[in-house]
Amino acid sequence: MITPEEAQNGGLLYAGHPACPGCGAALSVRYLTRALGEKTAFVITASCWSIIAGLPPLTSLKCPILHCTFPSAAAVGSGVKRGLVRKGDRETNVLVLSGDGGTFDIGLQALSGAAQRNEDIIFVCYDNEAYMNTGGQTSSATPYGTRTATAPFPLYQDRPKKDMIRIMAAHGIPYAATATVAFVDDMHRKFAAAREIRGFRFFHLLSPCPPGWGAEPDETIHLSRLAVESCLFPLYEVRDGEHYTLTYRPAQKKPLEEYLKLQRRFHSLEKEQLEAMQRQLDLNWQKLLQLIN
Ligand SMILES: Cc1ncc(C[n+]2csc(CCOP(=O)(O)OP(=O)(O)O)c2C)c(N)n1
Ligand code: SF4
């Protein structure tokens, strides 16, 4: 549980950063760095976060940052960590921060390699469900039914979202977890736990993006909560690739439509498509419950 002192501090993120109002990706980093502490170094891929981190000599993060290309992210993170250890620093957390495009698509090869080698790094995917920094193109994290810049009306994403946690768990890594900004205590507890674990740790953070999702900036927390309460984005963790634990169980599952109707990216959906999405969600939720130990 986050302490009152921790809740007061802004983590490693300065105020006045250039993210859009209501940016879930910026909030995620504010919260997760409260748990990781000052001895953290960031490796950041090309993404909105390379802008949010600030153009040198300005910075929004109170820690070292290395910007890298998409495909190399996990390899660069591994190299930074090994270099620090070589210099006698075993303490600093090396955190690779990447969007869903950089994680689910372009960086997947190096990510899989680093996970398989069990490199001692924390890989964080903030998932805004498209390539937002370049105008909102479809990624393989974009959910079925979404209108994106590369799927203009009347087209929409017609493939399901990749299940990244299951892909990472299949590598047998020590720790993988989902988290999102409406559940600050849950996120804090998971990053505090990850800090104490050695080896590869992976986080999938659902991060609402008001301009990209066609949502109001003050709805970010509400959307994040609805995603969890509808069981669209369950909160859980997986240890050693096989021990699945649900960290929050909604008392009553909310209808998916409540979440979708607040976002213009879903407004062209027909009733049949909405029903198909609800059916798929129900199936995914049942499949996850079967994995819970
Ligand atoms: C190999 C490569 N392809 C394309 C680009 C252009 N590019 C820069 S940022 C970006 C979008 C990144 O999307 P994502 O990883 O989802 O992060 P977000 O922008 O949503 O934060 C793209 C396509 C690039 N820098 N490198
Ligand atoms: S486009 Fe979205 S992810 Fe990027 S800074 Fe703005 S709100 Fe954040």
> Restricting attention to segment 82-120, which residues are of a type in the set (V, I, T) and not in a strand (DSSP E or B)?
Replying inline: V85, T92, T103, I106
> Hey, any hits in segment 64-72 for a residue that's without any contact (Cβ under 8 Å) to a residue 24 or more places away in the chain and not in a strand (DSSP E or B)?
Replying inline: yes
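I need a count of the residues in segment 191-206 that are under 13 Å from the mean Cα position of the chain (by Cα) and closer than 29 Å to R82 by Cβ.
Looking only at segment 191-206, we keep the residues that are under 13 Å from the mean Cα position of the chain (by Cα), and these are 191, 201-206.
Remaining after also requiring closer than 29 Å to R82 by Cβ: 191, 201-205.
Number satisfying all stated conditions: 6.
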> Among the candidates G16, G11, G22, G79, which residue alone is assigned to a loop (DSSP other than H, G, I, E, B), more than 16 Å from ligand 2 (Cβ to nearest atom) and of a type in the set (G, A, S)?
Replying inline: G11
> When residues of segment 224-263 are filtered for being of a type in the set (D, E, K, R) and more than 21 Å from E196 (Cβ to Cβ), how many remain?
Replying inline: 8
> Looking at segment 217-237, is at least one residue exposed (fewer than 15 other Cβ atoms within 10 Å of the Cβ), β-branched (V, I, T) and in contact (Cβ under 8 Å) with a residue 12 or more places away in the chain?
Replying inline: no
>> Going by what's in this entry, would L58 be described as more than 12 Å from ligand 2 (Cβ to nearest atom), assigned to a loop (DSSP other than H, G, I, E, B) and farther than 23 Å from T180 by Cα?
In response: yes
> Just one of the numbered conditions (1) closer than 23 Å to A75 by Cβ; (2) surrounded by fewer than 22 Cβ atoms within 10 Å (Cβ to Cβ) is not true of V94; which one?
Replying inline: (2)
>> Can you list residue pairs whose Cβ atoms sit under 6 Å apart, with the first residue in segment 137-156 being closer than 19 Å to K261 by Cα and the second being of a type in the set (A, V, I, L, M)? Count only pairs 6 or more apart in sequence or on different chains.
In response: T142/A130; G145/L269; G145/M277; T148/A130
>> Among the numbered criteria (1) surrounded by fewer than 24 Cβ atoms within 10 Å (Cβ to Cβ); (2) under 12 Å from D100 (Cβ atoms); (3) out of contact with any Cys (no Cβ under 6 Å at 6 or more places or on another chain); (4) touching a residue at least 40 places away in the same chain (Cβ under 8 Å), which one does V184 miss?
In response: (2)
> If we keep just the residues of segment 133-145 that are in a loop (DSSP other than H, G, I, E, B) and within 14 Å of ligand 2 (Cβ to nearest atom), which is surrounded by the fewest Cβ atoms within 10 Å (Cβ to Cβ)?
Replying inline: G135
>> Looking only at strands (runs of 3 or more DSSP E) that lie completely in segment 166-265, which have at least 2 residues being away from ligand 1 (no atom under 16 Å from the Cβ) and under 30 Å from E119 (Cα atoms)?
In response: 175-180, 236-239, 243-246
> Tally time: how many residues in segment 105-132 are away from ligand 2 (no atom under 13 Å from the Cβ) and in contact with a Lys or Arg (Cβ under 8 Å, 6 or more places away or on another chain)?
Replying inline: 5
>> Can you list residue pairs whose Cβ atoms sit under 6 Å apart, with the first residue in segment 74-99 being under 12 Å from F123 (Cβ atoms) and the second being among the polar types (S, T, N, Q) and away from ligand 2 (no atom under 16 Å from the Cβ)? Count only pairs 6 or more apart in sequence or on different chains.
In response: N93/T40; L95/T40
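Readers should treat all values here as calculations from the given coordinates under stated rules, not as data from a laboratory. Model, not experiment: these values are computed from the prediction. Counting neighbours? That spans all protein chains shown, and the Cβs are built from the backbone with ideal geometry, glycine included.
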